[in-house]
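What follows draws every value from the coordinates through simple rules; no lab data is involved. No experiment lies behind these values; they were computed from the predicted model shown. Because the Cβ atoms are built from the backbone with ideal geometry, glycine has one as well, and the counts that use them run over all protein chains shown.
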Amino acid sequence: MYNHIMLATDLSDENQDTLEKAKQLSGLFGSKLSLYHAVEPIPNYGYVGIADLEDQLVDEAKQGLAKQGEQLGVDPADQWVSVGPAKREILATARELGIDLIIIGSHTGVHLSEILGSTTNGVLHHSHCDVVTVRHGDKK
């Protein structure tokens, strides 16, 4: 049913259940699994060193993806990092890679926007393909 699944990860420690779900679903469908993380751009108001800081954040994201990729058995060639607004970057990368299922975590909260988060909500409502949200946090 799904040939190429993309896990859009925020690289947080609480994201472990989302990683497990991605591994289970890719195994169930025999799908290729890609990992993706968007580094939010840092506004440059004329400060020197912003580009260096962004480069450092990209390097840290690549290291985080490598760690998750090793845990999930995802080849480094299938691990993607870009700089830009997360919702836009996730959607663009998914379309570019021919993804047919995006898996993304959501946080707990009281209101819908808090439960899904603005990025998850945006991906859910604007994606060209199916989206699975994995709720993490307090699961009482």
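Quick one: angle between helix 112-126 and the longest Cα principal axis of the chain, in degrees between 0 and 90, rounded to 10, please. Its long axis makes an angle of about 80 degrees. Hydrodynamic estimate: the Kirkwood radius of the stretch 1-82 over Cα pairs, inserted into Stokes-Einstein at 4 °C and 1.567 mPa s, corresponds to D of 95 µm²/s.
Fully extending the segment from Asp52 to Ala77, taken as 0.36 nm per residue of separation minus the present Cα-Cα distance, adds 6.6 nm.
Proximity of backbone amide H atoms, modeled 1.01 Å from N, is registered between Val131 and Ile102 at under 5 Å, excluding neighbours fewer than 5 places apart on the same chain. In order along the stretch 25-33, the Karplus-derived 3J(HN,Hα) couplings, from 6.51 cos²θ - 1.76 cosθ + 1.60 at θ = phi - 60°, round to 5, 5, x, 4, 8, x, 8, 5, 10 Hz, and Gly and Pro are given as x.
Entry note, the chain: the mean residue ellipticity at 222 nm calculated from DSSP H runs of n ≥ 4, each adding -39500 (n - 2.57), is -15000 deg cm²/dmol after division by the residues and rounding to the nearest 500.
Between Glu20 and Asn44, the simple spin-label model (points 7 angstrom out along Cα→Cβ) gives 4.2 nm.
For the peptides 64-70, 27-33, the ranking by packing is 64-70, 27-33, with the highest mean count of neighbouring Cβ atoms within 10 Å listed first. In order along the stretch 79-89, the Karplus-derived 3J(HN,Hα) couplings, from 6.51 cos²θ - 1.76 cosθ + 1.60 at θ = phi - 60°, round to 10, 10, 10, 9, 10, x, x, 3, 4, 4, 5 Hz, and Gly and Pro are given as x.
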